[in-house]
Amino acid sequence: MTRPRTTRLRRPLLAGTTIVAALAVTAGLVAAASEPAKAATKPRLSLIAATTSLTLTSWKEDPGVHLDLGTYLTAEGTPLELKVTRKSYKDPVTITQTVYEGGTAKAKKLPGGTVKDFSGLPGFVRITVTDKAGKKVLSRTEDFCPNNASGRVRPDAPATSKYPESCPTNPFTLGSVWGVEKGWAANTYGGSYSEPVQLGAGTYTAKVEVAKKYRDLFGIADKPATVKLTVEERSFEDEPMSRSAAAGEHAGHGAAHDAPTAHAGHGPGHAPTPAQAAAPVTSGAGPTYNVGHGPLTAAPPALPWALKKEQAVRSTRVGDASGQTDGSRRAPALRPLSKRPAGKPSVPDVPKPDLRSLPAYGIVVSDGEQDVPGKDYLAFSANVWNAGPAQLVVDGFRSPGKAKMDAYQYFYDAEGKQVGYTPTGTMEWDPRPGHMHWHFTDFASYRLLKADKKEAVRSGKEAFCLANTDAIDYTVKNANWHPYNTDLATACGEENSISVREVLDVGSGDTYSQDLPGQSFDITGVPNGTYYIQVLANPEKRLKETDLDNNSALRKIVLGGKPGKRTVTVPPHDLVNVG
C-alpha cells in the first residue's frame, strides 16, 4: 500500500472492559444458580438481554445511534475459554477451545477459518431492527470479543474474572486468550468498533441472535433476545453538560469519563467522540487495556480469580517457575525500592526475560515533530515485547542533585524472591511533549537499512519508559493476563522522583506510536528505493536475557515521490498486510 504525506495516526481503541455492577438476572439464571454444581465438558452458553426496553439518543450535531443493546453471552458450568494463536506471520490464525474431560483441561481445535485475526469472533450476532409498523429498517452483524465488557450474573460466581480485559489489536499479535468466566456474561456490543446507525426518532424492536455457525459450534440455544427501542433526538446546545458528557449518556451507561491524559500506546490523549465516551468505570488494569467503548479512568487491578481461590485454600507464593498460562500468575514486587541494592552484583541462574521486536507498522511520511519546511520524515510505530519466562524489572536510583538515575536489573527465584541484580545503564528525564517521564536508556534502537541491510539512517531515540501497552502473546509460559503498569500513569515517575521502577511483564509489549517525538527518520536526503526499518531490542546487550539472538525485526518499505511530497509503499509482511 502506498502512503502519501499525512497527519499523525492514532493507536486504535482496544475493545474490552470489565464492569463492576452486576447484570440483571433472569429467573432462569437464579434457578440455575441454586442447582448443585455438575461436571461439564464444555460451558453452557446463553444469550440474554439485561433489559427488555432501552432509550437511545441520536445527537443532531453528530447523528447516529450506537446499538449497545445490553445483550450478553453467559457461561455456566465451566468458563468459555479460547486460545487464539499463529505459529508465525506466514501462518494463519488458529483457535482452540479449552474443554474438560474428567476434570482435566484439554484443547479442542476449532474449524479453520473460525477467526481471521485476534479481534474476536467475526459475525457472532445478527441485529435486526424493525419499525413500529413491523418493517425491517436495519440488518447487520457484530463481531464478538469474549473479553468485552462483562459482569457477574449470579452471586456465587467468582468475584473476579481471570481472563484478559480486551482482545488485542496490534497487527503483529502472536497469541491471545479470550474467555467468559463461569457465572459471568460478556457484552456482545462491539464498542467503538461498531459504526453508528441512522435511526430517526421513534420506537423500534431490535432482535439479536447468535449466528447459526456459532450456535452449532458452541451448543448455544436458538433463542434470540428482543429489546424494545425508543430513539430520541437531542442537541448538545440544549444540554447543561459538556458535549463529551452528554454523548456518554447513550445506552444507559450514564455520564462519560474524560479522556485520559496518559498515552495510548505512548501517544497523546484526545477528546472522546460519542462512540468512545460511553463505557462504565472498570475494575481491571489501566486505560490502555480498558479503553473498550471509550477512554476511561483507571481503577485498581483486580486479583485473578484462580489465584484468589488458591490462596483461600493454602498460603502460597507465586513466581516465574510454575509455567502457568491460565491467568493465575501474579507478578512479584512492582513498587520501586526505596534505596539502592546492597551487596555484590550477580546474575543468578534463574528465569530471565526474552526481549523480542515486532516489525514496524503505522508507517507514514510526515512533517516530523512540527511543520519543518523542506524536511521529510518517515514515522512509524514500534513494539518490543517480553516472551518470558520472567518479567523485566529495572529500577532507577537518583543521587541528590544528579540529572540521571543509575539503573539496575533485578532477578527473582521461583517463589518471587529477589536473588540478584546487576547495573544496566542509566535513566534520563525526557521533558518533551508526549513523554515527560523517566526513560531507560539503550532499551531499543531504530535503524533505516538500505536494500543490502547496511545502515542508512539511525533514529536518535534509544531511551524508553517501559509499560505493558499491548498484549502480544498471552499463551507463552508465565504470561500475566493482568499486567500492572499498562499506561504511563503507573510507571516512569515524575521529574522530582528519587527512584523509579519500570516493568515489562511476560506476554506484553511496549508500543511507541508514530506521533511521538523521535519516532521517525529524517529522510530528506535519502534517495528513493527499497529500505528496511529495523527495530532492535537491547542493542548494547546490557540487559540479561534468555536469548540475545531474536532481538531484531525488519519491515520492508519502498520510498518514492519528490522532496516535500515523498511517499512510502509498505508491502505485506508475510500474511500481515498492514502498513
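The values are calculated or read from the model by the stated rules, or taken from the named source; none is laboratory data. Fair warning: this is a prediction, and the values are worked out from it, not measured in the lab. The accessibility values were calculated without ligands, DNA or RNA, using every heavy atom of the protein model including side chains. Shrake-Rupley method; radii C 1.70, N 1.55, O 1.52, S 1.80 Å.
Evaluating 6.51 cos²θ - 1.76 cosθ + 1.60 at θ = phi - 60° for every residue in segment 218-230, the Karplus couplings come out as 10, x, 8, 5, 7, 10, x, 9, 10, 10, 7, 10, 10 Hz, glycine and proline recorded as x.
Of all lysines in the structure, those lying under 16 Å Cα to Cα from residue 417, and not within fewer than 8 positions of it along the same chain, are 352.
List the pairs from 404/544; 375/402; 182/213; 60/135 whose alpha-carbon separation is above 27 Å, in the order I gave them. With Cα atoms farther than 27 Å apart: 375/402. In the full protein context, segment 155-235 carries 36 Å² of accessible surface per residue, based on a 1.4 Å probe and ignoring ligands, DNA and RNA. What's the whole-number percent of alpha carbon pairs in segment 115-246 lying beyond 21 angstrom? Value for segment 115-246 (Cα pairs over 21 Å): 55 percent. Taking θ as phi - 60° and the Karplus parameters 6.51, -1.76 and 1.60, the scalar couplings of segment 535-548 work out to 9, 10, 7, 6, x, 8, 6, 7, 7, 8, 10, 5, 8, 9 Hz in sequence order, x denoting glycine and proline. Residue by residue, segment 387-403 carries 3J(HN,Hα) couplings of 8, x, x, 10, 6, 8, 10, 10, 10, x, 10, 10, 7, x, x, 7, 7 Hz when phi is fed to the Karplus relation 6.51 cos²θ - 1.76 cosθ + 1.60 (θ = phi - 60°); x denotes Gly or Pro.
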